[in-house]
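The values are calculated or read from the model by the stated rules, or taken from the named source; none is laboratory data. Because the structure is predicted, anything quoted here is derived from the model rather than measured. Note: ideal-geometry Cβ built from the backbone for every residue, glycine included; neighbour counts use all protein chains shown.
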Amino acid sequence: MTGLLKRAVTVYREKGVPSLLRESSRFAFKKTIRPHLPCRDYPKIRGISVMASGRCTKMFDNIIGVDFSWPDHHKEPNCNFISKYVHEGDSVVIVGGGYGITSVVAGQQVGKGGKVFIYEAAKEIVDDLLSTLEQNGVSKQTTVKHAVVGDAIDLKGLPGNAKSVSPSNLPSCEIAELDCEGAEVNIIPHLTRDINKIIVETHPSKGASTDKVKAILRKNDWEIIESAPDRSSGEVLVAG
């Protein structure tokens, strides 16, 4: 029995036929009709317009009950640490650019005299990332590289023709942010000390628990400076 069928049986048993029909209609809308509808509005996080095509508001969303928006605290600890440790004129490396929320914050912090190098492996995410940077006015100080750094653990889309980059070949920088869905455990041991500080998000459900990442940091002579809980079960760590 497939996961989808199991879910349908559970809804039927626990909530009855009306709920099953509602969920079935919502699922069909999301899979067949919604992808072909134009975006009406894009989400904003911390004042940042995030041009995520898969997260935008579309016609009939409110009727069907579909909501792809993020909570207000999405990426909050990452952004707070970037705001605290990144200064004007700095060089920053971001591994796992995603839709560009932390990249925009880094770009705003470094200003026109700094540089942010962003690595993102999923091709469709790269397109949205570039749009986000342009929409928020930080394109000139940011460079997006379609590449996988280290191992591809859990990409948010197909890699397409993404290049492979060794962690040891990342540019020297004042700050590197690692938000790479579990790949951080294999990236950290190969980082050079041309990087002054790293901000790393742990991913317990993907084999990168906070304790495991902390142990790897200490083993490779990184001192943990501070940390903050993430929205899920992990943490965001700062090490130098």
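Quick notes on this one:
- Counting only strands (runs of 3 or more DSSP E) that sit completely within the range 75-191, those holding 1 or more residues that are closer than 24 Å to residue 231 by Cα and among the aliphatic types (A, V, I, L, M) correspond to 91-95, 115-120, 173-178.
- Criterion violated by residue 215 - all others in (1) within 23 Å of residue 84 (Cβ to Cβ); (2) modelled with pLDDT of 95 or more satisfied: (1)
- Residue list for the range 192-225, restricted to those being without any contact (Cβ under 8 Å) to a residue 40 or more places away in the chain, outside any helix (DSSP H, G or I) and acidic (Asp, Glu): 194, 221, 223
- Close pairs (8 angstrom Cβ cut-off, 6 or more residues apart or separate chains): in the same structural domain as residue 197 (by TED's automatic domain parsing) and without any contact (Cβ under 8 Å) to a residue 40 or more places away in the chain in the range 94-120, assigned to a strand (DSSP E or B) and of a type in the set (Gly, Ala, Ser) anywhere: 110/91; 114/91; 115/91; 116/91; 120/147
- The set of residues from the range 45-93 being of a type in the set (Phe, Trp, Tyr) and exposed (fewer than 15 other Cβ atoms within 10 Å of the Cβ) comprises 60, 68.
- Within the range 228-240, the residues that satisfy the criterion of being modelled with pLDDT of 95 or more and over 12 Å from residue 198 (Cβ atoms) are 228, 235.
- Residue, farthest from residue 81 (Cα to Cα), within the range 227-240, restricted to residues that are surrounded by fewer than 18 Cβ atoms within 10 Å (Cβ to Cβ) and either touching a residue at least 60 places away in the same chain (Cβ under 8 Å) or among the basic types (Lys, Arg) (or both): 231
- Qualifying residue in the range 171-193 (condition: closer than 21 Å to residue 87 by Cβ, surrounded by 20 or more Cβ atoms within 10 Å (Cβ to Cβ), touching a Lys or Arg at 6+ places or on another chain (Cβ under 8 Å) and at pLDDT 95 or above): yes
- Any pair with Cβ under 6 angstrom, 6 or more apart, that starts in the range 69-83 at a residue that is within 19 Å of residue 181 (Cβ to Cβ) and ends at one that is of a type in the set (A, V, I, L, M, F, W, C) and surrounded by fewer than 16 Cβ atoms within 10 Å (Cβ to Cβ): 77/228
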